[in-house]
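J.: After the C-alpha cells below, expect a handful of questions from me.
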Amino acid sequence: MAMFLLDSHCDAPLMLAKGADFGHRVNVGCTPGSFPVSQIDFPRMKKGGVGGAFFAIYTSNFLTPDQATRRALELVSYVYDAVEQNPDKVAFAETPAQARRNAKNGLISIFMGMENGAPIQKDLSLLRMFNRMGCTYMTLTHARSNEICDSCTSPKPVWNGLSPFGREVVAEMNRLGMLIDVSHISDASFWDVLNYSQAPVVATHSCCRALCDHPRNMTDEMIVALAEKGGVIQINFYPSFLDKEYAVKAGALIDAQEEAQDAWLQNPADPVVQERMQKAIEALQAIPRPSYKKIVDHIDHVVQLVGFRHVGLGSDFDGIEVTPDGLEDVSRMQKIIIEMRKRGYSEYEIRHIAGGNFLRVMEQVQRMAE
C-alpha cells in the first residue's frame with residue numbers, strides 16, 4: 001500500500017463544538033472575530049496528504065461524571081454531523097481495512113478515540129457503548145486522576161497506579177479490541193497497564209523525556225518497555241513537550257492565554273475581554289517557537305532506542321495553543337516526511353512511521369479480541 005499518513009490524536013471535535021465548518025477552510029489566526037481558530041479542517045487535511053486522523057472525544061477532569069458523559073456524547077454527535085455533511089471528503093473508519101478502503105475511494109478516514117475515561121463513570125457498559133459508537137481507543141485519564149488511574153499531572157496520586165476498576169477497564173478493553181492509550185497517565189499507572197494488559201498499548205500523543213524533561217513525556221525505560229510489548233509512541237507536536245527551554249519561557253504566557261480565551265468564550269462581544277485575549281496571544285507569539293524539525297529529533301531518539309517500528313505521529317492539533325515553527329497547521333504535515341528523507345530514512349521506514357506502525361498495532365489488538 002502507498003504511504004498512509006495518520007495522525008493518531010487531534011482535538012478537532014472541540015472546534016466542531018464551537019461551530020467550525022470543516023467542509024471549508026476554517027479561518028486561521030487567533031484574533032477576536034475569526035474564531036473558531038482551528039489548525040485542522042478537511043481541505044487542509046487533504047493538502048497535507050493526511051490519510052486519516054483520530055478525532056479525540058476529550059472531556060475535562062473537572063467535570064462531574066454526568067457532565068463528562070453528556071459532553072462526550074455531544075462531541076461524538078458533532079463528529080458524526082461533520083462526517084455525514086462531507087461524504088465527498090471523509091468517511092468513518094474503525095479498522096485499518098476500512099481506512100485502506102477509504103483511501104482507495106479518495107476519502108480521508110476519520111477515527112474516534114476517547115481522551116479521558118471519565119465519561120464511562122464506573123460502568124463498563126458505558127465503555128462498550130462508546131466503543132460501539134466508534135471510539136476505538138481510550139486515553140485512560142487526562143490532567144487529573146479519575147476512577148481508572150492516576151494522571152502524570154495530578155497534585156498527588158490517588159491510586160498509585162491503576163485503580164481496581166482500572167484493572168477491569170484494561171481487561172474489558174482487551175476483550176473489545178480497544179487500544180489502551182497511556183498518554184497523560186502517571187508513570188506508576190503506565191507500568192500497571194503494561195503489567196495487566198494482554199495486548200500491546202499505545203501512547204497516542206507523547207514525546208521523549210530524555211529530550212524534554214516533562215512528566216507528560218516518556219522515559220527511555222518506558223519507551224523500551226512499550227516497544228517490547230509491541231506498542232508504539234506517537235510524537236506530540238506541542239512545543240512545550242518538544243523543547244524544555246521553550247516550555248520554561250512560555251509556561252506562564254500559555255496559562256495567561258488559556259485564561260483569556262476562557263473569559264472571551266464566556267463573553268466574546270466584550271471589548272475589554274477581546275483586548276485581553278489579543279494581548280495574551282501577542283505575548284505568547286513573541287516567544288520564538290522550536291522548529292518542526294524537533295519532532296523528527298524525537299522520532300530519531302525513539303528509532304535509536306527501539307527501531308523504526310515503534311514510533312509515529314500524534315499532533316495534538318486543535319488541543320495546543322501554539323505549534324512548532326513551520327508546522328502551523330495540518331496542511332504542512334509533509335514537511336515531517338521531507339525532513340525524514342533528508343535525514344536518510346528509507347521510504348519503507350517512512351511508510352511505517354507515517355502511519356503503518358499505528359495501524360499494525362491497531363490491527364493486532366483487534367485481531368486478539370476476535
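The values are calculated or read from the model by the stated rules, or taken from the named source; none is laboratory data. Bear in mind the structure is a predicted one, so any value in this text is a computation, not a measurement. As a convention, Cβ positions derive from the backbone with ideal geometry for all residues, glycine included, and neighbour counts pool all protein chains shown. For the accessible areas, the whole protein counts, side chains as well, though only heavy atoms, and no ligand, DNA or RNA atoms are used. Shrake-Rupley method; radii C 1.70, N 1.55, O 1.52, S 1.80 Å.
J.: At least 3 residues that are crowded, with 22+ Cβ neighbours inside 10 Å and modelled with pLDDT of 95 or more in each: list the helices (runs of 4 or more DSSP H) lying fully within region 297-370 that qualify.
T.: Numbers: elements: 334-342, 347-351, 357-368.
Correct list: 357-368.
J.: Tell me, which helices (runs of 4 or more DSSP H) lie completely within region 170-275 with 2 or more residues that are closer than 23 Å to Val158 by Cβ and of a type in the set (Asp, Glu)?
T.: Correct list: 187-196.
J.: Does Lys294 satisfy the criteria of being open to solvent by 20 Å² or more (accessible area, probe 1.4 Å), touching a Leu at 6+ places or on another chain (Cβ under 6 Å) and more than 14 Å from Asp7 (Cβ to Cβ)?
T.: yes
J.: Report the residue count in region 153-169 for those that are open to solvent by 10 Å² or more (accessible area, probe 1.4 Å) and assigned to a loop (DSSP other than H, G, I, E, B).
T.: Matching residues across region 153-169 total 8.
J.: Right, next: Kindly establish whether Arg167 is more than 15 Å from Val365 (Cα to Cα), basic (Lys, Arg) and modelled with pLDDT of 95 or more.
T.: So Arg167 fits the description; yes.
J.: So, one more: Test each condition in (1) over 22 Å from Val303 (Cα atoms); (2) open to solvent by less than 20 Å² (accessible area, probe 1.4 Å) for Val248 and report the one that comes out false.
T.: (2)
J.: Still on this structure, please answer the following. How many of the residues in region 262-286 are open to solvent by 50 Å² or more (accessible area, probe 1.4 Å) and closer than 20 Å to Gly19 by Cα?
T.: The total comes to 7.
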